[in-house]
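Asker: A single structure is presented below for examination.
The values are calculated or read from the model by the stated rules, or taken from the named source; none is laboratory data. Owing to the predicted nature of the structure, the values given are computational and were not obtained by experimental measurement. Backbone-built Cβ (ideal geometry, glycine too); neighbour counts: all protein chains shown. Only protein heavy atoms, including side chains, enter the accessible area calculation; ligands, DNA and RNA are left aside. Shrake-Rupley method; radii C 1.70, N 1.55, O 1.52, S 1.80 Å.
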Amino acid sequence: MDRVLVKILGYEVDSFTYDEALEYAFANSGQIVTINPEMIETARKNDDFAKLLNGAELVVPDGVGVEIGLKILGHKVKRIPGVELGKALIIKFSKAGKSVALIGAKPDVVDLAAKNLKDEIPELNIVYKHDGYFDNDNEIIEQVSKASPDLVLVALGSPKQEFFIKSLKDVLPKATMIGLGGSFDVWAGVVNRAPKIYQKLGLEWLYRTIKEPQRFKRIFPTLPLFVLRVCKERFICR
Ligand code: UDP
């Protein structure tokens, strides 16, 4: 399967369906980025992050923001929530006898997430697990490298998790690695995903902002500015 990339504000996004993205991620090693408007805004101010995004092996639109932006630009690409793709990857890798590493979240959260995943997926083989509050990156990288997992899930928040995966790429060239934000909190059951109706309407961000009002400053003014920039690209720059 070949990648078909579309561009948004200069950043490449794969136009795979959910099933295609899962197949592609399973069959190919490298870095998977679950892109959202905040990451694109970060990349505008950080060249290294911009390069990282365009150098990733797979980029899926995580939230409704990028889906809407792509729609404005005339591309029909459906969002692929990282929390769903991450779980589907764990199941697929585990059933194929492949090993998994979990890095991120608070110590009790990553432990609980691992336990819940193991209860749900008996084939799961976790060869490495670490919380996300460390500053000895090199040591952790060495430990993960020794454990040699096939699938690495990193939940440190963005852009920390993407830079961490980029460093891991050198020591684990055959692994598939994905940055997953707050997914471990969901798998541990300490944070609930938005009810289905919010997910269906693309309003998961609204639910999370109501539940965690401190997220408001992450969305505003980033989200409206992002939509404005996309509109400018669509209607003025072409
Ligand atoms: N986190 C971490 N190390 C840090 C900062 C954050 O492991 O130094 C974890 C945090 O505990 C949470 C996740 O990273 O589990 C970040 O979730 P956030 O809600 O920011 O991510 P989003 O889903 O919005 O991308």
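Asker: Among (1) out of contact with any strand residue (DSSP E or B) (no Cβ under 7 Å at 6 or more places or on another chain); (2) part of a helix (DSSP H, G or I); (3) in contact (Cβ under 8 Å) with a residue 12 or more places away in the chain, which single condition is D19 missing?
Answerer: So the condition that D19 fails would be (3).
Asker: Which residue pairs have Cβ atoms under 7 Å apart, sit 6 or more places apart or on different chains, and have a first residue in the stretch 208-222 that is over 18 Å from R193 (Cβ atoms) and among the polar types (S, T, N, Q) and a second that is within 12 Å of the ligand (Cβ to nearest atom) and not in a loop (DSSP other than H, G, I, E, B)?
Answerer: T222/P37; T222/E38
Asker: Suppose we keep only residues that are out of contact with any Pro (no Cβ under 8 Å at 6 or more places or on another chain) and away from the ligand (no atom under 15 Å from the Cβ) within the stretch 172-197. Which one would you say is most open to solvent (accessible area, probe 1.4 Å)?
Answerer: Result: K174.
Asker: Right, something else. Among the residues of the stretch 114-157, which ones are under 21 Å from the mean Cα position of the chain (by Cα), of a type in the set (D, E) and within 16 Å of the ligand (Cβ to nearest atom)?
Answerer: D131, D137, listed by residue number.
Asker: Give E41, E20 a once-over and let me know the one that is closer than 25 Å to F163 by Cβ and among the acidic types (D, E).
Answerer: The conditions single out E41.
Asker: Another question, then. Out of curiosity, is F93 away from the ligand (no atom under 13 Å from the Cβ) and either without any contact (Cβ under 8 Å) to a residue 40 or more places away in the chain or farther than 20 Å from E204 by Cα (or both)?
Answerer: Spelling it out, F93 is indeed away from the ligand (no atom under 13 Å from the Cβ) and either without any contact (Cβ under 8 Å) to a residue 40 or more places away in the chain or farther than 20 Å from E204 by Cα (or both).
Asker: Now a separate question. Just one of R208, R215, R234 is within 15 Å of the ligand (Cβ to nearest atom) and open to solvent by 60 Å² or more (accessible area, probe 1.4 Å); which is it?
Answerer: Step by step, each of R208, R215, R234 is checked, and only R208 is within 15 Å of the ligand (Cβ to nearest atom) and open to solvent by 60 Å² or more (accessible area, probe 1.4 Å).
Asker: Also, I was wondering about something else. Within the stretch 141-159, how many residues are within 19 Å of A88 (Cβ to Cβ), in a loop (DSSP other than H, G, I, E, B) and open to solvent by less than 40 Å² (accessible area, probe 1.4 Å)?
Answerer: Total meeting the criteria: 1.
Asker: Pick out, from the stretch 160-223, the helices (runs of 4 or more DSSP H) lying fully within it that include 2 or more residues that are closer than 27 Å to D48 by Cα.
Answerer: Answer list for the stretch 160-223: 160-171, 183-188, 216-219.
Asker: Conditions first: (1) more than 25 Å from G55 (Cβ to Cβ); (2) in a helix (DSSP H, G or I). N138 passes all but one, so which condition is the exception?
Answerer: Going through (1) more than 25 Å from G55 (Cβ to Cβ); (2) in a helix (DSSP H, G or I) one by one, N138 breaks only (1).
Asker: What do you reckon, is G179 at positive phi, modelled with pLDDT of 95 or more and touching a Ser or Thr at 6+ places or on another chain (Cβ under 9 Å)?
Answerer: no
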